[in-house]
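A.B. asks: Below you'll find the structure I mean.
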Amino acid sequence: MTWRTSGTDDRDDDADDTLHLYGPAWQPALDRLAAELRRSGRAIVDRFYAGLSTLPRSRQFLDVLSADELGNLKAHQLQNLLMLATPDLTFERHRAIALHVGRVHAIVGLPADEVILGQEALHVAVRRHVDSAVHGEALALLGRRLIRDIAWQIESYLRLKGARYETVQQITQLAWDVGSYTDLIVEVAQTLGAHDEIAGCSFGRPDGHGKFRFESIAGANTESYFAALERSAGGPINSMDAGPVGRAWRSAKIERCVNFSTDPRMSPWRPAARAAGFRSSVAIPLAEPGGRPVAVLTLHSALPGGFVSDDQANFLVQLQMLLVSAIRRMENQDGITRTVRYETRRRWAELLRSDALEMHYQPVVDLKSGRVTKVEALARLRDGDRLLTPAVFFPALSSDDFLELYARGLRQALAQRAGWLRAGFDVGVSVNLPSGAFGDDRYFDATQRALSEYACPSPGLTLEVLETDEIASGANVLGELARFKGLGIRLAEDDLGSGHSSLTRLRELPFDVIKIDRSIVTLADDDASDVLRFVYQLTRLGHSLGKQVIVEGVENRELLEAIATLGVDAVQGYVIARPMPAADLERWIAQYQPLSLPDHSGSHSPLVRLARLLLWEERLYLHLAGMASPARVGADEMAGRPRREPALPPELPFGSIDTALQQALVDAALEHGMISPEYGAARRRLVGVLTRR
């Protein structure tokens, strides 16, 4: 039956349809129909649900509901049916309700085709219980409203599908852009928590004791949910065997709870889930095919049956693939990070924004003058009676936390420098600049403000960039560092030799200083010579590029003297002083006597001997390179030029110490070359004598 005003054309169909589906003209007929539906509504709804039970996915959904849930669902269905038959229903109200119902159907995982069939089943059930001879006109209107209703419900399906696509796109971008595990789980959790069909989400993994810990959460009631689990008897948050999270961790497969109310395995979590409004969940193990999970992402739904439709399953697999790829990239870069509970992350982030941040300072000594020229500011975090080092709390920090750490730490360090200057101690200060500064103007602004606020002469500040820090793709590092250099400050490449950066980075970026990492100078009995050789070559490289060279982690006097022999500019480490609070540093500097190094020519230190051997070998190498080759000698003879006598090799480096071994080393170099097995064997014999104490 078509209800159309004569004289309209197709362009007016929608407006005309809207006018004839709603309005006071239908009140008498709809009043009679509504009265009939109130009398027979329960029977209609029962017949409708009997029809739904013949549809596979609908039957699965109904089977997991409790008796109370099914009763409430039927009551809502009757209310919705009466709404469709009410005379004062408007276009706007009908659309809003239909979109909401469609959203619910999509979230609980009902396929769109079954929703369409279900709407037909409802229409049939109504006609079975309502006399069409009496209510024919109203039933025709109800049928048209049902058609409009299902169209809007399908619109909700499409909206939710589009929202999933947008969420995947956002997480794809995050998977490529974020530089740390913490940023990944925090930002992805926030993105998923804002998605319409997700009421809450969490990331978790076992800690060092094997207890599963949730590290990042999002969603309105998620925090109270996990807090309730922690407070509950027996700590079910640590008893994950029966729940989806534990099953996903063991099986490396996606595991679901389709209804907290009826799944007997979920009884430990049921009270907290009910209070939080969570009725179903899915646990997604972040594992490569055939591999073990590195973490588990858990999503909660405010409705039973969530995350079971084909579209939802595809969405979950896409999330899994993206996050596994991102985490593997970060593990290859930084290794596996330590598990930090969400509550701990939040507490440390709050402490960071309070007076709990304490900067400690480690002196750097110039080896030529023996004086303290600057100090490196190192962050510490006061958590009750504990003083946390960066190795403990850095893994818990997000990118915004690192910005806060930098800004507060820089201000604190420059304020201390100003105080030392007033006390008569003019020392520079070094502060670590996170890689997040490249592409984030807030770091530059914070630096500029701090220099102005504390009237620090720009050369008094050095910013250190870790070699191990991965620079975000697309970041204009050269341009960003040039901006900082424009402030007049100095730049240092920190921990040289600990990462995987190319020499191009060292050559192209405007560093004033390179700092050789402490891992390079970790000595073992059988590699001391190689350690010193590495330090020497890095020092030569730095000097050839016009950069000052500092060695970190120097812990004993013997190594200090050897490094000084190799021409390093400055050192820092326990042999000088440990990091200390500002007040202690002021007292330490007041008592410090300039470092005095002995004349290395007379030193009997094994490491100094090895350092002197390296310097002598450099002269020997230059001697060999300057010797005339046979081809050159032949060319001179043919040209009638006088034959040149070869220069003498450099004098033996250690005087009377086993001159036979020293001469054997020279002979091996002259006869076989310095990279020959013969030279290597002769060198090992000499080193064995030099390193005897």
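A.B. asks: So which pairs qualify, if the first residue must be in the stretch 578-591 and within 13 Å of Gly419 (Cβ to Cβ), the second must be surrounded by 14 or more Cβ atoms within 10 Å (Cβ to Cβ) and acidic (Asp, Glu), the Cβ gap must be under 8 Å, and the two must be at least 6 apart or on different chains?
C.D. replies: Pairs found: Pro581/Glu358.
A.B. asks: Which numbered condition trips up Leu70, out of (1) of a type in the set (A, V, I, L, M, F, W, C); (2) surrounded by fewer than 18 Cβ atoms within 10 Å (Cβ to Cβ); (3) part of a loop (DSSP other than H, G, I, E, B)?
C.D. replies: Here Leu70 clears every test but (3).
Residue by residue, here is whether (1) outside the structural domain of Arg417 (by TED's automatic domain parsing); (2) closer than 17 Å to Gly370 by Cβ; (3) of a type in the set (Ser, Thr, Tyr); (4) buried (at least 20 other Cβ atoms within 10 Å of the Cβ) holds:
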position: Thr522; (1), (2), (3), (4): no, no, yes, no
position: Asp527; (1), (2), (3), (4): no, no, no, no
position: Arg533; (1), (2), (3), (4): no, no, no, no
position: Ser544; (1), (2), (3), (4): no, no, yes, no
position: Val551; (1), (2), (3), (4): no, yes, no, yes
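A.B. asks: Filter the stretch 214-223 down to the residues that are surrounded by fewer than 19 Cβ atoms within 10 Å (Cβ to Cβ) and either more than 15 Å from Arg341 (Cα to Cα) or touching an Asp or Glu at 6+ places or on another chain (Cβ under 6 Å) (or both) and list them by number.
C.D. replies: Just the residues of the stretch 214-223 that are surrounded by fewer than 19 Cβ atoms within 10 Å (Cβ to Cβ), to begin with: 220-221, 223.
Those that are surrounded by fewer than 19 Cβ atoms within 10 Å (Cβ to Cβ) and either more than 15 Å from Arg341 (Cα to Cα) or touching an Asp or Glu at 6+ places or on another chain (Cβ under 6 Å) (or both): Ala220, Asn221.
A.B. asks: Kindly provide the set of residues from the stretch 595-615 that are surrounded by fewer than 18 Cβ atoms within 10 Å (Cβ to Cβ) and at pLDDT 90 or above, ordered by number.
C.D. replies: Selection gives Leu615 alone.
A.B. asks: Select the helices (runs of 4 or more DSSP H) contained entirely in the stretch 268-357, then report the ones holding at least 3 residues which are crowded, with 21+ Cβ neighbours inside 10 Å and of a type in the set (Gly, Ala, Ser).
C.D. replies: Filter on the stretch 268-357 gives 270-276.
A.B. asks: Considering only the stretch 516-526, how many residues are over 26 Å from the mean Cα position of the chain (by Cα) and either of a type outside the set (D, E, K, R) or at pLDDT 75 or above (or both)?
C.D. replies: Residues meeting the conditions: 6.
A.B. asks: Still on this structure: Tally up the residues in the stretch 532-577 that are of a type in the set (A, V, I, L, M) and over 19 Å from Glu618 (Cβ atoms), please.
C.D. replies: Residues flagged as of a type in the set (A, V, I, L, M) and over 19 Å from Glu618 (Cβ atoms) within the stretch 532-577 amount to 9.
A.B. asks: Could you please find all residues in the stretch 162-211 being farther than 28 Å from Asp440 by Cβ and touching a residue at least 40 places away in the same chain (Cβ under 8 Å)?
C.D. replies: Selection gives Arg164, Asp196, Glu197, Ile198, Ala199, Gly200, Gly204, Arg205, Pro206, Asp207, Gly208.
A.B. asks: Considering the stretch 655-669 alone, what residues qualify as being more than 55 Å from the chain's Cα centre (by Cα), in contact (Cβ under 8 Å) with a residue 24 or more places away in the chain and in a helix (DSSP H, G or I)? Can you show your working first?
C.D. replies: Start the filter on the stretch 655-669 by keeping residues that are more than 55 Å from the chain's Cα centre (by Cα), which leaves 655-661, 663-664, 667.
Next, from what is left, pick out any that are in contact (Cβ under 8 Å) with a residue 24 or more places away in the chain: 657-658, 661.
Hit for the stretch 655-669 is Leu661, nothing else.
A.B. asks: Exactly one of these conditions fails for Val115: (1) over 18 Å from Asp31 (Cβ atoms); (2) exposed (fewer than 15 other Cβ atoms within 10 Å of the Cβ). Give me its number.
C.D. replies: (2)
A.B. asks: Sticking with this structure for a sec: Consider only pairs whose beta carbons are under 9 Å apart and that are at least six residues apart or on different chains; among these, list those whose first residue lies in the stretch 416-433 and is at positive phi and whose second residue is polar (S, T, N, Q).
C.D. replies: none
A.B. asks: Of all residues in the stretch 358-370, which are in a loop (DSSP other than H, G, I, E, B) and surrounded by 15 or more Cβ atoms within 10 Å (Cβ to Cβ)?
C.D. replies: Within the stretch 358-370, the subset in a loop (DSSP other than H, G, I, E, B) is 367-370.
Leu367, the sole residue that qualifies.
A.B. asks: Name the pairs: first residue in the stretch 309-330 and closer than 10 Å to Leu286 by Cα, second residue polar (S, T, N, Q) and in a helix (DSSP H, G or I), Cβ to Cβ under 6 Å, at least 6 apart or on different chains?
C.D. replies: Sorted first by the residue in the stretch 309-330, then by its partner, the pairs are Leu322/Thr172.
A.B. asks: I'm trying to understand the selection: among the residues of the stretch 173-232, which are of a type in the set (Lys, Arg) and more than 18 Å from Ile327 (Cβ to Cβ)?
C.D. replies: Once the filter is applied, which keeps residues that are of a type in the set (Lys, Arg) and more than 18 Å from Ile327 (Cβ to Cβ), the stretch 173-232 yields Lys211, Arg231.
A.B. asks: Here is a further query. Would you confirm, using the coordinates I've provided, whether Leu160 is in the same structural domain as Arg32 (by TED's automatic domain parsing), buried (at least 17 other Cβ atoms within 10 Å of the Cβ) and modelled with pLDDT under 95?
C.D. replies: Taking the combined requirement at face value, the residue does not satisfy it.
Table: residues versus (1) within 21 Å of Arg341 (Cα to Cα); (2) at pLDDT below 90.
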| residue | (1), (2) |
| --- | --- |
| Pro268 | yes, yes |
| Ala273 | yes, no |
| Gly277 | no, no |
| Val282 | yes, no |
| Leu286 | yes, no |
| Leu297 | yes, no |
| Ala302 | no, no |
| Asp311 | no, no |
| Asn314 | no, no |
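A.B. asks: May I ask you to say which residue of Val186, Val178 is buried (at least 21 other Cβ atoms within 10 Å of the Cβ) and out of contact with any helix residue (DSSP H, G or I) (no Cβ under 7 Å at 6 or more places or on another chain)? Lay out the reasoning, then the answer.
C.D. replies: Working: Val178 fails: out of contact with any helix residue (DSSP H, G or I) (no Cβ under 7 Å at 6 or more places or on another chain).
Checking each option against the conditions leaves just Val186.
A.B. asks: Read through the list (1) in contact with an Asp or Glu (Cβ under 8 Å, 6 or more places away or on another chain); (2) at pLDDT below 85; (3) in a loop (DSSP other than H, G, I, E, B), then give the number of the only condition that Asp469 fails.
C.D. replies: (1)
A.B. asks: What number of residues in the stretch 184-199 are under 21 Å from Arg274 (Cα atoms) and β-branched (Val, Ile, Thr)?
C.D. replies: 1
A.B. asks: Looking at (1) assigned to a loop (DSSP other than H, G, I, E, B); (2) surrounded by 19 or more Cβ atoms within 10 Å (Cβ to Cβ); (3) not β-branched (Val, Ile, Thr), which is the one condition that is false for Ala564?
C.D. replies: Tallying (1) assigned to a loop (DSSP other than H, G, I, E, B); (2) surrounded by 19 or more Cβ atoms within 10 Å (Cβ to Cβ); (3) not β-branched (Val, Ile, Thr), Ala564 fails exactly one: (1).
A.B. asks: If you don't mind, there's one more thing I want to ask. Scan the stretch 129-145 and report the pairs whose first residue is more than 15 Å from Leu89 (Cβ to Cβ) and whose second residue is hydroxyl-bearing (Ser, Thr, Tyr), with Cβ atoms within less than 6 Å and a gap of 6+ or a chain change.
C.D. replies: Matching pairs, first to second residue: His129/Ser40; Leu139/Ser132.
A.B. asks: List, please: which pairs have Cβ atoms under 7 Å, are six or more places apart or on different chains, and start with a residue in the stretch 215-232 that is assigned by TED's automatic domain parsing to the domain that holds Pro268 and end with one that is aromatic (Phe, Trp, Tyr) and in a strand (DSSP E or B)?
C.D. replies: Note: pairs meeting the criteria are Glu215/Phe203; Ser216/Phe203; Phe226/Phe214.
A.B. asks: For the stretch 31-67, give me the residue count where each residue is of a type outside the set (Lys, Arg), part of a helix (DSSP H, G or I), in contact (Cβ under 8 Å) with a residue 60 or more places away in the chain and over 24 Å from Asp310 (Cβ atoms).
C.D. replies: Selection size over the stretch 31-67: 8.
A.B. asks: Among the residues of the stretch 490-512, which ones are modelled with pLDDT of 70 or more and in a loop (DSSP other than H, G, I, E, B)?
C.D. replies: Leu509, Pro510, Phe511, Asp512
A.B. asks: Further question on the same structure: Could you list, in sequence order, all residues of the stretch 381-419 that are surrounded by fewer than 20 Cβ atoms within 10 Å (Cβ to Cβ) and in a strand (DSSP E or B)?
C.D. replies: Arg382, Asp383, Arg386, Leu387, Leu388
The values are calculated or read from the model by the stated rules, or taken from the named source; none is laboratory data. These figures come from a predicted structure and were not determined experimentally. Neighbour counts are summed over all protein chains in view; Cβ atoms, including those assigned to glycine, are modelled from backbone coordinates with ideal geometry.
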